[in-house]
Amino acid sequence: MSRIPVLEQCAVSYQQDKHFLADRLEVYLSRNDNLVFPHRHNFYQFVLFVSGEGSHELDFKPYEIQPGQIYFMGPGQVHSWKFRSPMRGYIVNFDIDYFKSLLIQPDYIDHLTLYSSLNEAVFVLDENQLQMIIPLLDQLVELTDGGMATDVKRSLLLHILLRMEACYTPKFPLKSVDYHLVLIKNFIALVDTHYRKLHLPKDYAELLFVTPNHLNAVCKQYLGQQAGEVIRSRIMLEAKRLLILPDWTISQVAYELDFNDNSYFTKFFKKIEGVTPEEFRKLQWK
């Protein structure tokens, strides 16, 4: 059985450094005109759209492209785009361990709100922010390989990410020392790891050493959802990711997500999405 294609950085990089790519979007598109959609990445990516028309999706949420829009995507997310006119902008890809030899804290990027699973990092830079960011991206694109260039690229990329972090207003700022935000972050991380087997809030409450009622109350306060809704949303996301694969049956998707039978999975899916898995699949591939 095939899965959603996972693109590796080396597969889309036409530059000397196979762990990093920075280029103008129009050049990248011309060099990678055979990209398969939808797909996942095993690397980090951000794209700034300067001009052009079209749309893109991150984990099945659609966004209409507008000048100055930027998105940040981490490993594992499902991504696709459809352009209706020639595009101009910038694209940067970098491997998970790209900063490993530069930073004392190698997982620093994981702690940026731009790449947090708590937030949707799709936003529009204003004119002043664009005037600040574009010259930095031009410098990054124009840096040549060799010698000390790798460390210069890493340092400049980190500087750009921090400047963009300052431009971004997250729904949940992870730098907060609020105990409840830490609990929410840990809960979402656990759901990402165990959603296939653990479907109930009490399972996660036990792992977090809190009561189910307390977990529900904190989720309601900070996320506007009960803990069970968060879990179901994550299951639904993976279900959608699998349903767009043409050679997966509905029964196989149900089994992968640990549902007892196909009928129960279909009822679960329709209750949340409003359509059956079969109907959802037809809508995606029409």
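The values are calculated or read from the model by the stated rules, or taken from the named source; none is laboratory data. Being a predicted model, the structure only gives us computed values, none of them experimental. So basically every Cβ, Gly included, is an ideal-geometry build from the backbone, and we count neighbours across all protein chains shown. Accessible surface areas use protein heavy atoms only, side chains included; no ligands, DNA or RNA. Shrake-Rupley method; radii C 1.70, N 1.55, O 1.52, S 1.80 Å.
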Exception for Gln225 within (1) part of a helix (DSSP H, G or I); (2) out of contact with any Gly (no Cβ under 9 Å at 6 or more places or on another chain) falls at (1)
Lone unmet requirement of (1) outside any loop (DSSP other than H, G, I, E, B); (2) in contact with a strand residue (DSSP E or B) (Cβ under 9 Å, 6 or more places away or on another chain); (3) open to solvent by 10 Å² or more (accessible area, probe 1.4 Å) for Pro75 = (1)
Which residue pairs have Cβ atoms under 8 Å apart, sit 6 or more places apart or on different chains, and have a first residue in the stretch 22-48 that is under 22 Å from Pro246 (Cα atoms) and a second that is assigned to a strand (DSSP E or B) and aromatic (Phe, Trp, Tyr)?
-> Phe37/Trp81
Is it true that Leu114 is farther than 19 Å from Gln284 by Cα and either under 14 Å from the mean Cα position of the chain (by Cα) or polar (S, T, N, Q) (or both)?
-> yes
Subset of the stretch 1-28 [at pLDDT 85 or above and in contact with a strand residue (DSSP E or B) (Cβ under 8 Å, 6 or more places away or on another chain)] | Phe20, Leu21, Ala22, Asp23, Arg24, Leu25, Glu26, Tyr28
Tell me which residues, restricted to the stretch 189-205, are of a type in the set (A, V, I, L, M) and in contact with a Lys or Arg (Cβ under 8 Å, 6 or more places away or on another chain).
-> Val191
Might you check whether a residue that is touching a Leu at 6+ places or on another chain (Cβ under 8 Å), surrounded by 15 or more Cβ atoms within 10 Å (Cβ to Cβ), closer than 24 Å to Ile244 by Cα and among the aliphatic types (A, V, I, L, M) occurs anywhere in the stretch 53-64?
-> no
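Residues are listed down the side, and each one gets a yes or a no for (1) at pLDDT 90 or above; (2) more than 13 Å from the chain's Cα centre (by Cα):
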site	(1), (2)
Val47	yes, no
Val50	yes, yes
Asp59	no, no
Met87	yes, yes
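Each row is one residue, and each column tells you yes or no for (1) in a helix (DSSP H, G or I); (2) modelled with pLDDT under 95; (3) open to solvent by 20 Å² or more (accessible area, probe 1.4 Å); (4) touching a Leu at 6+ places or on another chain (Cβ under 7 Å).
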| residue | (1), (2), (3), (4) |
| --- | --- |
| Lys185 | yes, yes, yes, yes |
| Ile188 | yes, yes, yes, yes |
| Val191 | yes, yes, no, no |
| Ala205 | yes, no, no, yes |
| Asp247 | no, yes, yes, no |
| Gln252 | yes, yes, yes, no |
| Asn260 | no, yes, yes, no |
| Ser263 | yes, yes, yes, no |
| Phe280 | yes, yes, no, yes |
Has the stretch 110-121 got at least one residue that is surrounded by fewer than 16 Cβ atoms within 10 Å (Cβ to Cβ) and at pLDDT 95 or above?
-> no
In the list Ser80, Ser55, Ser51, which residue meets the criterion of being of a type in the set (Ser, Thr, Tyr), free of Cβ contacts under 8 Å to residues at least 40 places away in the same chain and touching an Asp or Glu at 6+ places or on another chain (Cβ under 9 Å)?
-> Ser55
